[in-house]
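Worksheet: one structure, shown below.
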Amino acid sequence: MGILNITPDSFSDGGQLYRDGQLDQSKTLRAVEAMLSDGADIIDIGGESTRPGAAPVSVAQELDRVMPILNAVQERFDCLVSVDTSTAQVITQAAGAGANIINDVRALQREGALQAAAATGLPVCLMHMQNQPDSMQNNPEYQDVVGEVLGFLAQRKKDCITAGIAADQIMLDPGFGFGKTLAHNLMLFNALDQFAATGHSILVGVSRKSMIGQMLASEVDQRLIGSVTMAVLAAQKISAVNGSLILRVHDVKETVQALRVWQTSTEN
Ligand code: PT1
């Protein structure tokens, strides 16, 4: 899954697709084309930054950002598109425009989001987050981070099934960096086999995040090798239990190359 951040304030590539305060559509489409030719299967379109400290965005603003790009991508490319949103109206309109997956960092807990997602019939990704982006990194605390995150996702899964979403349409995501210290993130990462043992596809998003910055003492533009390394390790952990993995990444080409090398190296 290649990340398409169409926010002016994203943590690692924010505003890169903007010119004079406006989203540059042809530049954006070139970025999509590059990710697809580099081997991405899914393009994740997000109009709300959810990095630590990010401010909320209005529904109108989010629709304004997402819909034109979603339409343009659908028109030009034959690929799966996921929409990174928590907003019922965005879910409904994006599905109407042909989106294939709903990716929600709030696990469909916002008003109307669960009903909206169920009505689309689309697969959903449920992610765990403690608190909200503007304050989630202020002293996150758990007794048993793995148990609590697994328990939260199991409850949200139940709620989805009750709302009419089929179990095999549900992906789960531990939510790396969302209200977690480095130690919490690493405990979750090392428990990826337990997440995969639920039988659901697991989405892992660690690309360029501060957990890698903390491990390497590196700024966001120096986290490529760390990000790719963690992608391969996640693939290895999840394949060990015959699980299914979606990697949400900025650096599609490098990640795909590393995965190919890993995969090929296990073949003989
Ligand atoms: C993710 C994810 C996402 N991450 C899913 N969707 C972001 N399903 C946006 C940092 O610590 O992991 N899974 N959508 C981006 N959010 C963050 C969080 C960015 C933390 C940066 C950090 O640096």
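List the residue pairs whose Cβ atoms are under 7 Å apart, where the first residue sits in segment 125-143 and is at positive phi, the second is crowded, with 18+ Cβ neighbours inside 10 Å and part of a loop (DSSP other than H, G, I, E, B), and the two are 6 or more positions apart or on different chains.
So the pair list comes out as 131/179.
Could we say that residue 95 is closer than 20 Å to residue 4 by Cα and part of a helix (DSSP H, G or I) here?
Judged against the criteria, residue 95 is a match.
If I ask for residues that are more than 14 Å from the ligand (Cβ to nearest atom), in a loop (DSSP other than H, G, I, E, B) and touching a residue at least 24 places away in the same chain (Cβ under 8 Å), which ones from segment 57-86 would you list?
77, 79
So, in segment 168-188, of the ones that are more than 12 Å from the ligand (Cβ to nearest atom) and of a type outside the set (Val, Ile, Thr), which residue ends up farthest from residue 114 (Cα to Cα)?
Step by step, filter segment 168-188, then rank; the result is 183.
For segment 11-50, give me the residue count where each residue is within 16 Å of the ligand (Cβ to nearest atom), outside any strand (DSSP E or B) and under 26 Å from residue 259 (Cα atoms).
Qualifying residue count for the region: 6.
Looking only at segment 217-224, decide whether some residue is over 25 Å from residue 53 (Cα atoms), within 13 Å of the ligand (Cβ to nearest atom) and at pLDDT 95 or above.
no
Residues 41, 104: which one is in contact with a strand residue (DSSP E or B) (Cβ under 7 Å, 6 or more places away or on another chain), surrounded by fewer than 17 Cβ atoms within 10 Å (Cβ to Cβ) and within 22 Å of residue 246 (Cα to Cα)?
Answer to the selection: 41.
Could you tell me whether residue 111 is surrounded by fewer than 21 Cβ atoms within 10 Å (Cβ to Cβ), away from the ligand (no atom under 16 Å from the Cβ), in contact (Cβ under 8 Å) with a residue 12 or more places away in the chain and among the charged types (D, E, K, R)?
Considered against the rule, which asks whether it is surrounded by fewer than 21 Cβ atoms within 10 Å (Cβ to Cβ), away from the ligand (no atom under 16 Å from the Cβ), in contact (Cβ under 8 Å) with a residue 12 or more places away in the chain and among the charged types (D, E, K, R), residue 111 comes out as yes.
Mind telling me which of the residues 161, 165 ends up being buried (at least 18 other Cβ atoms within 10 Å of the Cβ), away from the ligand (no atom under 13 Å from the Cβ) and not small (Gly, Ala, Ser)?
So the residue among 161, 165 that is buried (at least 18 other Cβ atoms within 10 Å of the Cβ), away from the ligand (no atom under 13 Å from the Cβ) and not small (Gly, Ala, Ser) is 165.
The values are calculated or read from the model by the stated rules, or taken from the named source; none is laboratory data. Everything quoted here is computed from the prediction, not taken from an experiment. Neighbour counts are summed over all protein chains in view; Cβ atoms, including those assigned to glycine, are modelled from backbone coordinates with ideal geometry.
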